[in-house]
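J.: Submitted below is the structure of interest, expressed as structure tokens.
Each reported figure results from applying straightforward, stated rules to the coordinates on display, with no laboratory input. All values reported here derive from a predicted model rather than from experimental measurement. Here the Cβ positions follow ideal geometry from the backbone for every residue, glycine too, while neighbour counts run over all protein chains shown.
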Amino acid sequence: MLSRSDLLTLLTINFIVVTKGAERISEVSARFTLDAMPGKQMAIDADLNAGLINQAQAQTRRKDVASEADFYGAMDGASKFVRGDAIAGMMILAINLIGGVCIGIFKYNLSADAAFQQYVLMTIGDGLVAQIPSLLLSTAAAIILTRVSDNGDIAHDVRNQLLASPSVLYTATGIMFVLAVVPGMPHLPFLLFSALLGFTGWRMSKRPQAAEAEEKSLETLTRTITETSEQQVSWETIPLIEPISLSLGYKLVALVDKAQGNPLTQRIRGVRQVISDGNGVLLPEIRIRENFRLKPSQYAIFINGIKADEADIPADKLMAQPSSETYGEIDGVLGNDPAYGMPVTWIQPAQKAKVLNMGYRDRQRQRDCYPCK
């Protein structure tokens, strides 16, 4: 049961601490807001003249400034009502106490001690009924006035701060549990709230583990991207683009083998000489390299790094091209001349003499690598 000292403590906290502080804060906030209004209006006009905002945005900002001034002005007046409510509660408490004692003595013929004891007890109950709502009202007004202005609302701020850390929920859980075990308090509601807050805090404590793992992977990825972006760019890192190049499969590399007389290299040199003499322009040097990405018997011609043509040439066969004097059929693989697109037959080297006697013309493989369709 609450005693007279408890009631006096509530009265002191409500009147001296809460309402007095809220009143002072409202006065200072209202004065500072009104003093800052001309500067805010000039800043809006400067942004409008500089073209940073349009007319509609300027009107919206002016309305926001006016609303802010009206709010703090209204709260300054509201703090007076809150303080007046606290003073009225104290006056009513004093009137009930003095009036009750007088009624007990003069009307009901009670002794001063008995009347004082009985009506003081009744006054405490009535005072609590009046002062607890007054204290809650004063506290709510103080919270609104002392809140830092930002774009979020109070409910959003309270939710974020309450759920910011599991330790906050664990503290609230302990407070609710203590209130639940206090004699005379409603046990079930406080126990339910305590269990709910404890469960929420436990679930929140599990989140940092996943968040920490994700943060580590993000840091690793960021470090890799940073190291990659910090690499110096030089001419060694830029691939060389040659005007004309010829890529060969590994089975065609024998065509440029020095042990076999470099037949393809000599043929390309001769073609460059003929084309350069005929056009009066020196044909760029043709680079020859092995390319394992090609098929074993495939070649590809690149001009300025772009593939211009490619074809397959059986590395172990000869090309037999029919002529007007050709008669009979020969054994071989039918195909097309990769240079001119005419039908040909690929034969074994041992068939060369027979094929020539039948009127076919023999085409060496190195002659089929330089033309471009």
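J.: Apply the membrane-span-like helix rule to the chain: whole DSSP H runs, Cα extent along the own long axis of at least 20 Å, mean Kyte-Doolittle hydropathy at least 0.5. List the helices found.
T.: Answer set is 112-146, 166-181.
J.: Can you pull the one-decimal nm distance between simple spin-label points at Arg24 and Asn279, each 7 Å off the Cα toward Cβ?
T.: The modelled label-to-label distance comes out at 9.4 nm.
J.: Additional query: Rounding to the nearest 20 debye, state how big the charge dipole of region 154-219 is about its Cα centre with +1 on each Lys and Arg Cβ and -1 on each Asp and Glu Cβ.
T.: 240
J.: Specify which residue in the list Val129, Pro314, Met176 is farthest towards the positive end of the charge dipole of the chain, using unit charges on the beta carbon of Lys, Arg (+1) and Asp, Glu (-1), about the Cα centre.
T.: Going by the Cα projections, it comes out as Pro314.
J.: What ranking of Arg159, Arg272 emerges when the number of other C-beta atoms within 10 Å of each C-beta is taken as an exposure proxy, fewest first?
T.: Ascending Cβ contact count within 10 Å gives the list Arg159, Arg272.
J.: So what are region 47-114's ellipsoid semi-axes, whole angstrom, largest first, if each one is the square root of 5 times an eigenvalue of the alpha-carbon gyration tensor?
T.: Values for region 47-114, descending: 61, 7, 5 Å.
J.: About its Cα centre, what dipole magnitude does the chain give when the only charges are +1 on Lys and Arg Cβ and -1 on Asp and Glu Cβ, stated in debye to the nearest 20?
T.: 800
J.: Okay, next question. What ranking of Leu188, Leu294, Leu162 emerges when the number of other C-beta atoms within 10 Å of each C-beta is taken as an exposure proxy, fewest first?
T.: So the residues, fewest neighbours to most, are Leu188, Leu162, Leu294.
J.: If N is the number of residues in the chain, what value comes out of its Cα radius of gyration divided by 2.2 N^0.38 Å?
T.: With N residues counted in the chain, Rg over 2.2 N^0.38 Å equals 2.36.
J.: What list do you get for Trp202, Trp346 if you sort them by fewest beta carbons within 10 Å?
T.: So the ranking, lowest neighbour count to highest, is Trp202, Trp346.
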